[in-house]
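Below is one structure, written out as structure tokens; the observations come after it.
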Amino acid sequence: MADKLRVGIVGCGGIANGKHLPSLSKVDAVEIVAFCDIVEDRAKQAAAEYGVKDSYITTDYEKLVSQDIDVVHVCTPNDSHAKITIAGLEAGKHVMSEKPMAKRADDAKAMLEAAKRTGKKLTVGYQSRHRSDSQFLHRACRDGKLGEIYYAKAHAIRRRAVPTWGVFLDEEKQGGGPLIDIGTHALDLTLWMMNNYEPHIVVGKAYHKLSQRENAANAWGSWDPKKFTVEDSAFGFIVMKNGASVLLESSWALNSLCADEAKCSLHGTEGGADMIGGLRLNGEEYSRLWDTTVELGAGGAAFYGGHSEAPEEREARLWIEAILNDTDPVVLPEQALVVSQILEAIYESDRTGKAVVFD
């Protein structure tokens, strides 16, 4: 394989320009050479800023994946993640899909099967794993500092920060609202800390309590109730096969002052931890209780000679290194599939009023 990997981007909108393109452009071993968007001008603009001379530009993702490239990044609405990812894998490319893995769990499973069938690498963009607090806490969990983690909370709460642009409010395109948008980050982080990917029973409830209000206060301006076809809040209770349990809370608009997202609280037999307002650990020693706040400095994760990089930059670098070194990516598709299965179970439980039991 060449020293530089040739990358193609499908979807040149907000997440591509806000995360993938600037992060990939900082990786020395990368050339971004192909750009696809259903709006050709968006692809042209992205190519002008981040591409090489004579970058390939198209509105057809099938044409992009057929180009002489090594890697495809899928930065499109949730309903197209699976078909683009599978096309890329079948064309012999490694693929990073934005989160969630797919709109539906069956589609996510098909993506995993395609990766296994083709032997190409597949990962999902859960960049919260790369924050400095996440890295520290994950190491503490792996070192057994918390013991057996038997109860956890996955936090994804906004007081009023409904995304009013793009297709976020469109159930058909996205498959859901805050649960599949930001709840997915919190759940991924929590399961990763627990190293537990075997759900047993899921109960969930979704709400449409604030979405139909006219002229509602919101960080990004009032939403149009007629276009708000997804839930404004969703909550789930997950019991794992080993008896551990997880409470998942997600909302774009909740009348609460306790707002935080992509965070978790963990409770184990030897200690506990939470990320709310900073990273705090607690435990018992010499028959006394203790707690401490971990000083982490800036939001980036340290690497090499003490330099720091933003979580999305670290995500891009480690993904490219996994391809070059033929190692596993940080986010395994098997893990991302379980996240999608649980999210779908919460929605199903809400629709049916019944618990969803996994085999």
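Do any chymotrypsin sites (Phe, Trp or Tyr not before Pro) in the stretch 131-205 lie in a loop, going by DSSP, with at most 14 other beta-carbon atoms within 10 Å of their beta carbon, and if so which?
165
Can you pull the percent of Cα pairs in the stretch 92-171 with separation above 21 Å?
Numbers: 1748 of 3160 pairs.
That fraction is 55 percent.
Say the dipole of the stretch 210-349 comes from +1 at the beta carbon of Lys and Arg and -1 at that of Asp and Glu; which of 281, 216, 325 then lies farthest toward its positive end?
216
In nm, what is the difference between 0.36 nm times the number of residues separating residue 255 and residue 113 and their Cα-Cα distance? Could you put the intermediate results ahead of the total?
Numbers: separation 142, 0.36 × 142 = 51.12 nm, distance 4.16 nm.
That works out to 47.0 nm of additional length.
Ignoring ligands, DNA and RNA, what accessible area per residue does the stretch 136-294 give at 1.4 Å, in Å²? Kindly include the intermediate steps, with their values, before the conclusion.
Details: 7700 Å² over 159 residues.
The answer is 48 Å² per residue.
From the cross-link list 205/227; 83/209; 19/263; 19/103, which pairs have alpha carbons spaced over 28 Å apart?
Numbers: 205/227 21 Å; 83/209 33 Å; 19/263 19 Å; 19/103 21 Å.
Violating the 28 Å Cα-Cα cut-off are 83/209.
Using Cα atoms only, what is the angle between the long axis of helix 333-352 and the major principal axis of the chain, expressed in degrees (0 to 90) to the nearest 10?
60
Can you work out the FRET efficiency for the pair residue 3 and residue 285, with r the C-beta to C-beta distance and R0 = 41 Å, to the nearest 0.05? All intermediate terms of the calculation are to be shown ahead of the outcome.
Working: r = 50 Å, r/R0 = 1.22.
Efficiency, rounded to the nearest 0.05: 0.25.
Compute, for the chain, the length of the dipole vector about the Cα centre, with Cβ point charges of +1 (Lys, Arg) and -1 (Asp, Glu) only. Units Debye, rounded to 20.
Numbers: 41 positive and 52 negative charges, 83 e Å.
Result for the chain is approximately 400 debye, rounded to the nearest 20.
Can you figure out the FRET efficiency of residue 25 with residue 60, using R₀ = 30 Å and their beta-carbon distance, to the nearest 0.05? Let's see the in-between values first.
Details: r = 24 Å, r/R0 = 0.80.
So the FRET efficiency works out to roughly 0.80.
In nm, what is the difference between 0.36 nm times the number of residues separating residue 355 and residue 195 and their Cα-Cα distance?
Here the segment from residue 355 to residue 195 would lengthen by 55.3 nm.
For the stretch 129-141, take each phi angle, set θ = phi - 60°, evaluate the Karplus expression 6.51 cos²θ - 1.76 cosθ + 1.60, and give the result in whole Hz per residue in order, putting x for glycine and proline.
4, 9, 5, 5, 5, 5, 5, 5, 5, 4, 5, 4, 5
Using a 1.4 angstrom probe on heavy atoms only, work out the carbon and sulfur share of the accessible area of the chain in %. Show your work: numbers first, answer last.
On the way: 7790 of 16520 Å².
Roughly 47 percent, rounded to a whole number.
Once phi is turned into ³J(HN,Hα) by the Karplus curve 6.51 cos²θ - 1.76 cosθ + 1.60 with θ = phi - 60°, what whole-Hz value does each residue of the stretch 31-40 show in order, with x for glycine and proline?
Residue by residue, the stretch 31-40 yields 10, 8, 10, 9, 9, 10, 7, 5, 9, 4 Hz.
Could you work out the equivalent-ellipsoid semi-axes for the chain, taking the square root of 5 times each eigenvalue of the Cα gyration tensor, largest first, in whole Å? If you can, show how the numbers build up before the last one.
On the way: eigenvalues 207, 130, 80 Å².
Ellipsoid half-lengths, sorted descending, are 32, 25, 20 Å.
For the chain, build the charge dipole from Cβ charges (+1 Lys, Arg; -1 Asp, Glu) around the Cα centre, then report which of 77, 175, 339 sits farthest towards its positive end.
175
Say we join alpha carbon atoms closer than 10 Å with springs in a Gaussian network model of the chain; which of 90, 295, 171 then has the biggest fluctuation?
295
What share of the DSSP beta bridges in the chain is antiparallel, in percent to the nearest 5?
Values: 43 of 71 bridges.
Here the share of antiparallel DSSP bridges comes out near 60 percent.
Simple spin-label model, 7 Å along Cα-to-Cβ: residue 348 to residue 165 in nm?
3.5
Which value, in Å² and to the nearest 10, is the accessible area of residue 20 when all protein chains are kept and the probe is 1.4 Å?
Counting only protein heavy atoms, residue 20 exposes about 10 Å² to solvent.
From the backbone phi of the stretch 167-174, what are the Karplus-calculated ³J(HN,Hα) couplings (6.51 cos²θ - 1.76 cosθ + 1.60, θ = phi - 60°) in whole Hz, Gly and Pro given as x?
My calculation for the stretch 167-174 gives 10, 4, 8, 9, 4, 5, 7, 9 Hz in order.
Roughly how many debye, to the nearest 20, is the charge dipole of the stretch 77-198 about its Cα centre, given +1 on each Lys and Arg Cβ, -1 on each Asp and Glu Cβ, and no other charges? Intermediate values should be presented prior to the final figure.
Details: 20 positive and 15 negative charges, 78 e Å.
Using Cβ point charges on Lys, Arg, Asp and Glu, the stretch 77-198 gives about 380 debye.
The values are calculated or read from the model by the stated rules, or taken from the named source; none is laboratory data. These numbers come from a predicted model, not from an experiment. Cβ sites come from the backbone with ideal geometry, for glycine too, and all protein chains shown count toward neighbours. With ligands, DNA and RNA removed, areas are computed over all heavy atoms of the protein, side chains included. Shrake-Rupley method; radii C 1.70, N 1.55, O 1.52, S 1.80 Å.
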